[in-house]
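Visitor: This is the structure I want to talk about, given as structure tokens.
The values are calculated or read from the model by the stated rules, or taken from the named source; none is laboratory data. Just so it is clear, the model here is predicted, and its values are computed rather than measured. When we count neighbours, we look across all protein chains shown, and the Cβ atoms used for this are built from the backbone with ideal geometry, even at glycine.
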Amino acid sequence: MSGFLKSSIGRKIAMAISAFFLMVFILQHFAINILSVFNPDAFNEVSHFMGTNPLVQFVLQPVLIFGVVFHFLMGFVLEFKNRASRRVSYAVNNGNANSTWMSRNMIYSGGFILVFLVIHFIDFWIPELNIKYVTGDTSGLLADGSDYRYFEELQHKFVPLWRVILYCVGFIFLSLHLLHGFNSAFQSVGGNNKYTNSLKGFGKAYAVLIPLGFIVIALFHFFNNSH
Amino acid sequence: MKLTLKIWRQKNAKNKGKIVEYPIDGISPDMSFLEMLDVLNQKLITEGEEPVAFDHDCREGICGSCSLYINGEAHGPDRRVTTCQLHMRKFKDGDTIFIEPFRANAFPVIKDLIVDRSAFDRIQHAGGFISVNTSGNTQDGNAIPISKHAADEAMDAATCIGCGACVASCKNSSAMLFVGAKVSQYALLPQGQVEATDRVQNMVAQMDLEGFGNCTNTGACEVECPKGISLENIARMNRELIKANLKG
Amino acid sequence: MALDSKIPKGPLADKWTSHKNSIDLVNPANKRNIDVIVVGTGLAGGSAAATLAELGYNVKAFCFQDSPRRAHSIAAQGGINAAKNYQGDGDSTYRLFYDTVKGGDYRSREANVYRLAEVSTNIIDQCVAQGVPFARDYGGLLDNRSFGGVLVSRTFYAKGQTGQQLLLGAYSAMNRQIGRGKIKMYNRHEMLDVVVVDGKARGIITRNLVTGEIERHSGHAVVLGSGGYGNVFYLSTNAMGSNVTAAWKAHKRGAYFANPCYTQIHPTCIPVSGDHQSKLTLMSESLRNDGRIWVPKKLEDAKAIQNKTLKPTAIAEEDRDYFLERRYPAFGNLVPRDVASRAAKERCDAGFGVNATGEAVFLDFASAIIRYGKEQAHVKGLDENNDDLVQSLGKEIVKSKYGNLFQMYEKIVDENPYETPMMIYPAVHYTMGGVWVDYNLQTTVPGLYAIGEANFSDHGANRLGASALMQGLADGYFVLPYTIGNYLSNDIRTGPISTETKEFEEAEKNVRQQIDQFINNKGSKPVDYFHKRLGKIMWNKCGMARNEKDLKEAIEEISALRKEFYKEVLVPGDADEFNEELAKAGRVADFLELGELFAKDALVREESAGGHFREEYQTADGEAQRRKEFQFVSAWEYKGEPKDAQLHKEELVYENIEVKERSYK
């Protein structure tokens, strides 16, 4: 396998596999978050389950972290190598004539997503770890014990405008990243056949609708609570 | 037509090059792009300057010699043609045209617009063949029927002329379309099955060794390919490599 | 020296087999000690290099292109003949042999042609095994199409890129041997001389086109697969780099040059558009399967079309002259190339040409579109009388058959050939003449072999379509690698050939001298200026129709042009760098000598045969008139100036075929 990962195609396939995993993760993340719009109780229930279930916490979560880190690192490694494979660049290069902006700038959309993720980690995830594993409060309850804390925390997070804007921009970049990435991943693992055209349509829908959904959630809470 | 040409001039592989501007007049729209360069060169020679060196041979779009990155695109703005078949009617009077060599570390410049594409040859040496001796004692050509569909698809992959436009257009200087086309041609035919595992592994290994970049599926190669080689061939090569690795 | 063609004894059909059985073999251990140089990597050179390496010889292969895959064989479009009789239409080895000899106007060597027909079937099997994607029918079996000059379907094809696919097949066989280290490949190297030691070819001098380095390479035998010399006409369908230099240098070292005047002018090329033209583009002969060739019947219509005041589609059916169908009802538009070309020239000379220069005829697909359209409508149960429907269905079929050619035409001419007839005109395409070889493909210099278009042997005075690929691969895969054994078996004790001998030194000195001369000449005119002028002389006076007066003038003019060339040529740059002008100067210098010999050969041959048409020798209705007393191969020995070349005759004996008037009526 290590030999496979040294070959250019092996790396590209590994990128695709980690991408599939992340796309599934985003889908489930979205599915849970959207509950907060329709049914805060259900949102609380599911959040608590995900936050305390040992399988999720100690098996899936490390895999996720590995997937995220791998995808970013490999992405940077490949980008670095790819740039180095043309030492003298063109004086004039008309990239728009033959490819999309998204496909040529995955490193920038990906890079911004990384910035967003870092902030997201600091903002959501580290406090979460702190409560659960440092403070040792795994009850998932509010300080007064009246209800689960997840929904209220979520609402609270979307009060400051700066965070909502960051959130929206982050997902716009995710959308751009997915507009190329979704189908690219299928191509990388060798999926190019009679279904490719339909898949392309589905990929576009996924790339637009899921990030849009996240943005809608953020705006929903922003307008519903603070104003 | 009156044009301003901005052409990459480089004495040899060791020298640094630069873009030099040449005004040119009296170009007919019926000329091919290379004939336009011929006119420039004849002028340069009689003026005591060195002509612009560029690769060309058949001038009918099949040998794959001609290259040139014209106004930011391999083989220029027209589609499904090589530079030798690009005609000046695609340009307007007064245009400025940038002419650069195909660029990639794996394609070092030899002189001016000429690059060394022997990396492609070496990839082929690594496995671009079916190991059959030319004894004439092979079985009859019709002994194994091959479906028309597979034969046509193999032919489509085999039309690659090895010009390197895919590498030149790719932002990563990847040679995947070229290698994918060759792997596909054999993968689609029963004759190619026996060596399929070794072939794809060896050719990909050589491709990586030559210093080409990684494919990121931008699809620029497919658009700029003068022979319309499909991205499907890259997907097929990826599949072939996965299969080969699973087999071990 | 008397010419000995070394044709084996015995009945025609057994000659090759019995000859192969009697060839001396070299044992595998000894082959490792023998080096063979192959110059040129097209179908002939590439396939020969691969096979020789497979047999165990050490091969050094040379090409001037940046890769063997770019040799001009790649541009062959239509197909390759083989007597497989898969279509069951009565084809056989004998019939292919017969068609080829007849097509060559009874000026080729019987035994060679029969061998070619015999091994043709092996070629198809071999190429299929190599993964060449020939066209197949829905049953998965190999498909065939028909070609000019024959009445059976025996042409195998891979879309309109058969030459490309076959060359890539040979290239892949080479790659395998290069990978194994059995072939050492020298790309971007040009051969500039043959080195003859003790009367045997023992090496070559090359110039590295990138660095300008002059190199000596030795071998026990030298094989030339360097192609034809059509570029002596400047404008031809050959690649820009195609040249006669390797063959001509061999000629100067003692190899006889045979039938230089036999040139094939291909009828279906895109007409010349202006003075800037650098080369001509061929449209596959397969177009004549469905396209009908015509010019207007009335001179005033032709004038109107020339002035662009009348559209070809506006000319009524009864005012069109389908001159090939009129003159040759049996073969119609599928007459051999020389006949079709001459007929087109005849009409244009009479003023019926259809483009601005008056040098073009129409190739019309309108009736094919209607025919196919009706057929499709019938098959699909649609209305056969609906014109629009028939048109669109018909165009679909034509597109599937010739789409890539139509597209190419549109790119070059900027007219849509689905809507208006194509314009075509004959152009120089192939040279049947070449280095004289015997049955073993050996030239008059021992150890020096010539294969493919570089030799003269198989096509007589005219080559049939789809036969060049056949001959190149036959020579390279199946003939030369065996016949060369006879010669090399005497060399097993020779050991490596040293390049430090006076012969190599002398050859290298000659090469350097010529290069220095060009670089230091500092004349006033670029190489192309002379090449274009040579081309004009050749086309006007040694082209499709020749006569004594013109040929005599041509000899004088070429000789004078050559002198002017050496005085006035301007080669910029230096010798020790990439310098295309320098390479071109060397090639044009050789063309300037060959051109004169060409004209001399045409002058001596007082008859018309195939591609050689002497106006003085034609039948009452304008057909080529062969003469019994010219039933020989002209083999020219170099004696200094081309005009001093000495003629040797190889009489052609036809024992198995009756020499008849070649009629396609």
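Visitor: Looking for something aliphatic (A, V, I, L, M), in a loop (DSSP other than H, G, I, E, B) and modelled with pLDDT of 95 or more - is there at least one such residue anywhere in region C:432-439? Write out each step before concluding.
Guide: Just the residues of region C:432-439 that are aliphatic (A, V, I, L, M), to begin with: C:432, C:435, C:437.
Next cut, in a loop (DSSP other than H, G, I, E, B) only: C:432, C:437.
From the residues that got through so far, the ones that are modelled with pLDDT of 95 or more too are C:432, C:437.
Scanning region C:432-439, I find at least one residue that is aliphatic (A, V, I, L, M), in a loop (DSSP other than H, G, I, E, B) and modelled with pLDDT of 95 or more, so the answer is yes.
Visitor: All but one of (1) at pLDDT 95 or above; (2) of a type in the set (Asp, Glu); (3) under 15 Å from the mean Cα position of the chain (by Cα) hold for C:Glu285; which doesn't?
Guide: (1)
Visitor: To continue, here is another question. It is to be established whether one or more residues within region C:520-538 are buried (at least 21 other Cβ atoms within 10 Å of the Cβ), farther than 30 Å from C:Gln264 by Cβ and either away from chain B (no Cβ under 14 Å) or at pLDDT below 95 (or both).
Guide: No, every residue in region C:520-538 fails to be buried (at least 21 other Cβ atoms within 10 Å of the Cβ), farther than 30 Å from C:Gln264 by Cβ and either away from chain B (no Cβ under 14 Å) or at pLDDT below 95 (or both).
Visitor: I need a count of the residues in region C:546-587 that are more than 14 Å from chain B (Cβ to nearest Cβ), closer than 20 Å to C:Tyr229 by Cβ and touching a strand residue (DSSP E or B) at 6+ places or on another chain (Cβ under 9 Å).
Guide: Counting residues in region C:546-587 that are more than 14 Å from chain B (Cβ to nearest Cβ), closer than 20 Å to C:Tyr229 by Cβ and touching a strand residue (DSSP E or B) at 6+ places or on another chain (Cβ under 9 Å) gives 5.
Visitor: With the requirement that a residue be more than 7 Å from every other protein chain (Cβ to nearest Cβ) and part of a helix (DSSP H, G or I), what does region B:135-165 give you?
Guide: Result: B:His149, B:Ala150, B:Asp152, B:Glu153, B:Asp156, B:Ala157, B:Ala165.
Visitor: Return yes when C:Arg587 is part of a helix (DSSP H, G or I), of a type in the set (D, E, K, R) and touching a residue at least 60 places away in the same chain (Cβ under 8 Å) and no when it is not.
Guide: Values: part of a helix (DSSP H, G or I): yes; of a type in the set (D, E, K, R): yes; touching a residue at least 60 places away in the same chain (Cβ under 8 Å): yes.
Spelling it out, C:Arg587 is indeed part of a helix (DSSP H, G or I), of a type in the set (D, E, K, R) and touching a residue at least 60 places away in the same chain (Cβ under 8 Å).
Visitor: With the condition kept exactly as written, say whether any residue in region C:166-174 is under 18 Å from the mean Cα position of the chain (by Cα) and under 20 Å from C:Tyr439 (Cα atoms).
Guide: No - not one qualifying residue is present in region C:166-174.
Visitor: So C:Leu287 ticks every box in (1) within 14 Å of another protein chain (Cβ to nearest Cβ); (2) of a type outside the set (Gly, Ala, Ser); (3) crowded, with 23+ Cβ neighbours inside 10 Å but one. Which box is left unticked?
Guide: (1)
Yes/no matrix, rows are residues, columns are (1) at pLDDT below 95; (2) out of contact with any Gly (no Cβ under 6 Å at 6 or more places or on another chain); (3) of a type in the set (Val, Ile, Thr):
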position	(1), (2), (3)
C:Arg216	no, yes, no
C:Gly225	no, no, no
C:Gly241	no, yes, no
C:Lys252	no, yes, no
C:Tyr256	no, yes, no
C:Pro260	no, no, no
C:Ser273	yes, yes, no
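Visitor: Separate question: How about region C:107-134: which of its residues are facing chain B (nearest Cβ under 8 Å), touching a helix residue (DSSP H, G or I) at 6+ places or on another chain (Cβ under 7 Å) and surrounded by fewer than 21 Cβ atoms within 10 Å (Cβ to Cβ)?
Guide: C:Asn122, the sole residue that qualifies.
Visitor: Looking only at residues in region C:69-106 that are of a type in the set (A, V, I, L, M) and not in a loop (DSSP other than H, G, I, E, B), which one is farthest from the other protein chains (Cβ to nearest Cβ)?
Guide: The first filter runs over region C:69-106 and keeps only residues of a type in the set (A, V, I, L, M), leaving C:71, C:74-76, C:80, C:82-83, C:96, C:101.
Now restrict to residues that are not in a loop (DSSP other than H, G, I, E, B): C:74-75, C:80, C:96, C:101.
Working: C:Ile74: 5, C:Ala75: 5, C:Ile80: 12, C:Leu96: 16, C:Val101: 23 Å.
Among those residues, the one meeting the criterion is C:Val101.
Visitor: Same structure again: Over 23 Å from A:Phe4 (Cα atoms), at the interface with chain A (Cβ under 10 Å from one of its Cβ atoms) and out of contact with any strand residue (DSSP E or B) (no Cβ under 9 Å at 6 or more places or on another chain), is that true of B:Glu210?
Guide: Working: over 23 Å from A:Phe4 (Cα atoms): no; at the interface with chain A (Cβ under 10 Å from one of its Cβ atoms): yes; out of contact with any strand residue (DSSP E or B) (no Cβ under 9 Å at 6 or more places or on another chain): yes.
No; evaluated as a whole, the condition is false for this residue.
Visitor: Sort out for me the helices (runs of 4 or more DSSP H) sitting completely within region C:451-536 that have 2 or more residues that are outside the structural domain of C:Gly610 (by TED's automatic domain parsing) and out of contact with any strand residue (DSSP E or B) (no Cβ under 6 Å at 6 or more places or on another chain). Write out each step before concluding.
Guide: On the way: elements: C:468-473, C:480-488, C:502-521.
In region C:451-536, C:468-473, C:480-488 are the helices (runs of 4 or more DSSP H) which contain 2 or more residues that are outside the structural domain of C:Gly610 (by TED's automatic domain parsing) and out of contact with any strand residue (DSSP E or B) (no Cβ under 6 Å at 6 or more places or on another chain).
Visitor: Those residues that are out of contact with any Gly (no Cβ under 6 Å at 6 or more places or on another chain), away from chain B (no Cβ under 14 Å) and either assigned to a helix (DSSP H, G or I) or surrounded by 15 or more Cβ atoms within 10 Å (Cβ to Cβ) (or both), I need them from region C:392-417; list them, please.
Guide: Once the filter is applied, which keeps residues that are out of contact with any Gly (no Cβ under 6 Å at 6 or more places or on another chain), away from chain B (no Cβ under 14 Å) and either assigned to a helix (DSSP H, G or I) or surrounded by 15 or more Cβ atoms within 10 Å (Cβ to Cβ) (or both), region C:392-417 yields C:Ser392, C:Lys395, C:Glu396, C:Ile397, C:Val398, C:Lys399, C:Tyr402, C:Pro417.
Visitor: Just to be sure I understand, how many residues within region C:244-279 are farther than 30 Å from C:Tyr638 by Cβ, under 19 Å from the mean Cα position of the chain (by Cα) and within 14 Å of chain B (Cβ to nearest Cβ)?
Guide: Narrowing region C:244-279 to residues farther than 30 Å from C:Tyr638 by Cβ: C:267-278.
Filter again for under 19 Å from the mean Cα position of the chain (by Cα), leaving C:267-270, C:278.
Keeping just the survivors that are within 14 Å of chain B (Cβ to nearest Cβ) gives C:268-270, C:278.
The qualifying residues number 4.
Visitor: Right, here's the next one. Can you spot a residue in region A:102-113 that is in a helix (DSSP H, G or I), modelled with pLDDT of 95 or more, hydrophobic (A, V, I, L, M, F, W, C) and in contact with a Phe, Trp or Tyr (Cβ under 7 Å, 6 or more places away or on another chain)?
Guide: Yes, the conditions are met somewhere in region A:102-113.
Visitor: Pick from C:Asp143, C:Asp66: which is within 30 Å of B:Gly61 (Cβ to Cβ), within 13 Å of chain B (Cβ to nearest Cβ) and either polar (S, T, N, Q) or free of Cβ contacts under 8 Å to residues at least 24 places away in the same chain (or both)?
Guide: From the options C:Asp143, C:Asp66, the qualifying one is C:Asp143.
Visitor: Being more than 14 Å from every other protein chain (Cβ to nearest Cβ) and crowded, with 20+ Cβ neighbours inside 10 Å is the filter; apply it to region C:167-199 and report the residue that is nearest to C:Gly472 (Cα to Cα).
Guide: Residues of region C:167-199 more than 14 Å from every other protein chain (Cβ to nearest Cβ): C:191-199.
Now narrow it down to the ones that are crowded, with 20+ Cβ neighbours inside 10 Å: C:191-196.
Details: C:Met191: 20, C:Leu192: 23, C:Asp193: 23, C:Val194: 22, C:Val195: 25, C:Val196: 25 Å.
If we take residues in region C:167-199 being more than 14 Å from every other protein chain (Cβ to nearest Cβ) and crowded, with 20+ Cβ neighbours inside 10 Å, then C:Met191 is nearest to C:Gly472 (Cα to Cα).
Visitor: Does C:Val26 fit the bill of being buried (at least 24 other Cβ atoms within 10 Å of the Cβ), assigned by TED's automatic domain parsing to the domain that holds C:Leu167 and either part of a strand (DSSP E or B) or more than 23 Å from the chain's Cα centre (by Cα) (or both)?
Guide: Working: buried (at least 24 other Cβ atoms within 10 Å of the Cβ): no; assigned by TED's automatic domain parsing to the domain that holds C:Leu167: yes; either part of a strand (DSSP E or B) or more than 23 Å from the chain's Cα centre (by Cα) (or both): yes.
Against the criterion (buried (at least 24 other Cβ atoms within 10 Å of the Cβ), assigned by TED's automatic domain parsing to the domain that holds C:Leu167 and either part of a strand (DSSP E or B) or more than 23 Å from the chain's Cα centre (by Cα) (or both)), C:Val26 does not qualify.
Visitor: Of the residues C:Arg326, C:Arg337, which is of a type in the set (Lys, Arg) and without any contact (Cβ under 8 Å) to a residue 12 or more places away in the chain?
Guide: Result of the check over C:Arg326, C:Arg337: C:Arg326.
Visitor: Select, from C:Thr206, C:Thr211, the only residue that is more than 10 Å from chain B (Cβ to nearest Cβ) and at pLDDT 95 or above.
Guide: When all the criteria are applied, what remains is C:Thr206.
Visitor: All but one of (1) within 18 Å of the chain's Cα centre (by Cα); (2) under 17 Å from A:Asp41 (Cβ atoms) hold for A:Tyr150, so report the exception by its number.
Guide: (1)
Visitor: Given the residues A:Phe20, A:Phe30, A:Phe58, which is the only one that is at pLDDT 95 or above and more than 22 Å from B:Ala235 (Cβ to Cβ)?
Guide: Testing whether each residue is at pLDDT 95 or above and more than 22 Å from B:Ala235 (Cβ to Cβ) leaves just A:Phe30.
Visitor: Working only within region C:289-327, note down all residues that are among the hydroxyl-bearing types (Ser, Thr, Tyr) and under 23 Å from C:Ile369 (Cα atoms).
Guide: Selection gives C:Thr313, C:Tyr322.
Visitor: Which residue out of B:Ala168, B:Ala150 is free of Cβ contacts under 8 Å to residues at least 60 places away in the same chain and touching a helix residue (DSSP H, G or I) at 6+ places or on another chain (Cβ under 9 Å)?
Guide: B:Ala150
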